[in-house]
Amino acid sequence: MSLLNLLLGRRRKGFVLALGGGGGRGLAHVGVFEVLEEHGLRPSAIVGTSIGALFGALYALNPDARATKASIMRVLASDLFLNLGLPNLESPEMADQSWLSKLSAIARQSVLYTRAAFDVGVLSSEPLIQVAREFCDEHSFADCQIPLYVTAVEFPSGECHLFSAATDTDLRLSLAASTAVPGAFDPVRIGDKRFVDGGIAAELPSREAQMIARSNQIVVAVNVGARPDPEREPRHVIAMLDWTTQIKSLYLRRHKRELADVLIEPLVGFRQWQDFSSPEAEIERGRQAALEKMPELMRLLRA
């Protein structure tokens, strides 16, 4: 083998993109797609968790950041998404609401608390399947132009699964399962098993990306996880349990970060997962974080 061929053989052959979960904060992933395209880069594969799986699937089916953004904005503005009813179990701010609005808010909280006491989820997972259908239509894993892998956790065993074209799993059900936040939504049934949000085990799926990456590929991970707001103290037991989960998630992500060759971390602040109110701001945060990491990524790909 010539020296030139030897050097070419050692060069990096692409990267696997690991997209973390984080609800509305995941809009930052779109900004990352934009910057990658501007630098002429396309992932060799995408591994997504929760919102990272949903947006990653959209991009994998049609690797065009502008089209991906347009589709996301369309769904976010749809009645389907607006009526999804993402739960907020903190006491509502009702100072400026009418008495009827206050009464409705109190009634809604009562229903949520009742379901929380007697069911494993306060909302049905069916709307999640409908949202996945809005994003992906009737497409399957095999239709993806970029190979896609989706994390989900089996309920109640807790085993983390990685769905892909190789598993012959329905794409929409896989995405719904990966976004089924425990406690908020019922588990999603796939075959004879039930699954919930992959973020329980792989909120930042860098380890899963390492599992599928080839020896000459690197892993680029996008962490959109938030830390608890030190100014927001839990006010009841359910909120306290949610706070505990956030702390565990924070330390788990710190471990998973070390498994990435390049780590992109948008400044997502303390925004709650159910907050999708500022898409342009979140996308811009993703852009800025990705731009900062481009020199490092380009250097590794040339190594």
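The values are calculated or read from the model by the stated rules, or taken from the named source; none is laboratory data. No experiment lies behind these values; they were computed from the predicted model shown. Positions of Cβ are generated from backbone atoms using ideal geometry, with glycine treated the same way; all protein chains shown enter the neighbour counts. Only protein heavy atoms, including side chains, enter the accessible area calculation; ligands, DNA and RNA are left aside. Shrake-Rupley method; radii C 1.70, N 1.55, O 1.52, S 1.80 Å.
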May I ask which of Lys13/Lys193; Lys193/Lys248; Lys13/Lys256 have a Cα-Cα span longer than 31 Å here? Lys13/Lys193
Taking only the C-alpha atoms, wrap a convex hull around region 159-247 and report its volume per residue in Å³ as a whole number. 126
With all protein chains present and a 1.4 Å probe, the order of Thr49, Thr169, Thr245 from largest accessible area down is Thr245, Thr169, Thr49
Which of the peptides 154-162, 289-297, 54-62 is most tightly packed, and how do the rest follow, judged by the mean count of other Cβ atoms within 10 Å per residue? 54-62, 289-297, 154-162
Over region 168-303, what per residue volume does the convex hull of the Cα atoms give, in whole Å³? 146
Env charge @ Ile51, Cβ radius under 11 Å, K,R +1 / D,E -1, value -2
Expected unfolding gain across Leu250-Glu159 under the 0.36 nm per residue rule, minus the alpha-carbon gap, is 30.7 nm
At 0.36 nm per residue, and after removing the present C-alpha to C-alpha distance, how many nm does the segment from Arg42 to Asn62 gain when stretched out fully? 6.0 nm
May I ask you to rank Ser44, Ser125 by accessible area, largest first, using a 1.4 Å probe over the protein chains only? Ser44, Ser125
